[in-house]
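Here's the structure we're looking at; comments come further down.
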């Protein structure tokens, strides 16, 4: 899923105001951290990850270790901060709206039954 440069620019703008959702600590990238990143991407699509416990030389390897299994795209990397994007796969269906007249009738019936 290649992203155009214009899309990356817009995603960078959106990511500027975000706070890091996931923090990689001294234990580095573990299965639990990958699960947390996956869940965050499902909910938010665009997330920031702070790699505090990762050496600068290892950040590129960490990027690929995160993006490849999760099918995500790296948007930008500044210092120890990564911005990652994955488009939502399934759109949650909204609950059907209740007919207001029908609800009012049901409420009126309930009041008269008392």
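The values are calculated or read from the model by the stated rules, or taken from the named source; none is laboratory data. All values reported here derive from a predicted model rather than from experimental measurement. So basically every Cβ, Gly included, is an ideal-geometry build from the backbone, and we count neighbours across all protein chains shown.
So how many residues does segment 19-46 have that are surrounded by fewer than 15 Cβ atoms within 10 Å (Cβ to Cβ) and either modelled with pLDDT of 95 or more or more than 11 Å from the chain's Cα centre (by Cα) (or both)?
The number of residues fulfilling the criteria is 10.
Pull out all pairs, ordered by first then second residue, where Cβ-Cβ is under 9 Å, the residues are six or more apart or on different chains, the first lies in segment 55-68 and is under 20 Å from residue 31 (Cβ atoms), and the second is modelled with pLDDT of 90 or more and part of a helix (DSSP H, G or I).
What qualifies is 65/34; 66/33; 66/34; 66/37.
Please find, within segment 1-14, the residue that is nearest to the chain's Cα centre (by Cα) out of those that are in a helix (DSSP H, G or I) and under 19 Å from residue 71 (Cα atoms).
Per the criteria, the residue is 11.
Can we say residue 49 is assigned to a loop (DSSP other than H, G, I, E, B) and surrounded by 11 or more Cβ atoms within 10 Å (Cβ to Cβ)?
Numbers: assigned to a loop (DSSP other than H, G, I, E, B): no; surrounded by 11 or more Cβ atoms within 10 Å (Cβ to Cβ): yes.
Against the criterion (assigned to a loop (DSSP other than H, G, I, E, B) and surrounded by 11 or more Cβ atoms within 10 Å (Cβ to Cβ)), residue 49 does not qualify.
Matching residues to (1) at pLDDT 95 or above; (2) part of a helix (DSSP H, G or I); (3) under 12 Å from the mean Cα position of the chain (by Cα); (4) within 28 Å of residue 17 (Cβ to Cβ):
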residue: 58; (1), (2), (3), (4): no, yes, no, yes
residue: 63; (1), (2), (3), (4): no, yes, no, yes
residue: 66; (1), (2), (3), (4): no, yes, no, yes
residue: 77; (1), (2), (3), (4): no, no, no, yes
residue: 92; (1), (2), (3), (4): no, no, no, yes
residue: 95; (1), (2), (3), (4): no, no, no, no
residue: 98; (1), (2), (3), (4): no, no, no, no
residue: 111; (1), (2), (3), (4): no, yes, no, no
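Please name all residue pairs, on different chains or six or more residues apart, with Cβ atoms under 8 Å, provided the first residue is in segment 3-29 and is touching a residue at least 60 places away in the same chain (Cβ under 8 Å) and the second residue is in a helix (DSSP H, G or I).
Between residues of segment 3-29 that are touching a residue at least 60 places away in the same chain (Cβ under 8 Å) and residues that are in a helix (DSSP H, G or I), the close pairs are 3/11.
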